[in-house]
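The next block holds one structure in the form of structure tokens; read it before the comments.
The values are calculated or read from the model by the stated rules, or taken from the named source; none is laboratory data. Keep in mind that this is a model prediction, so the values were computed, not measured. Cβ placement follows ideal geometry from the backbone for every residue including glycine, while neighbour counts extend to all protein chains displayed.
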Amino acid sequence: MQGRVAAFYAAVRRIMIALDLAKNAFQIHGAMGWAVVTRNRVRRDKCLSA
């Protein structure tokens, strides 16, 4: 019984770590995406104003 509980908690911890890593990766990816979008928008604005 105790082994099953320990295994369950180990699985939950593994899922939590995986979710945390995924969240961090998504935030980094999202920041990069926003940087690219912003850069493209600035470039387009310069072209329009030129």
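I'd like to know if the stretch 40-50 contains one or more residues that are surrounded by 10 or more Cβ atoms within 10 Å (Cβ to Cβ) and either small (Gly, Ala, Ser) or in contact (Cβ under 8 Å) with a residue 40 or more places away in the chain (or both).
No: the stretch 40-50 contains no residue that is surrounded by 10 or more Cβ atoms within 10 Å (Cβ to Cβ) and either small (Gly, Ala, Ser) or in contact (Cβ under 8 Å) with a residue 40 or more places away in the chain (or both).
From ILE17, ILE28, which residue is at pLDDT 95 or above and either surrounded by 10 or more Cβ atoms within 10 Å (Cβ to Cβ) or in a helix (DSSP H, G or I) (or both)?
Result of the check over ILE17, ILE28: ILE17.
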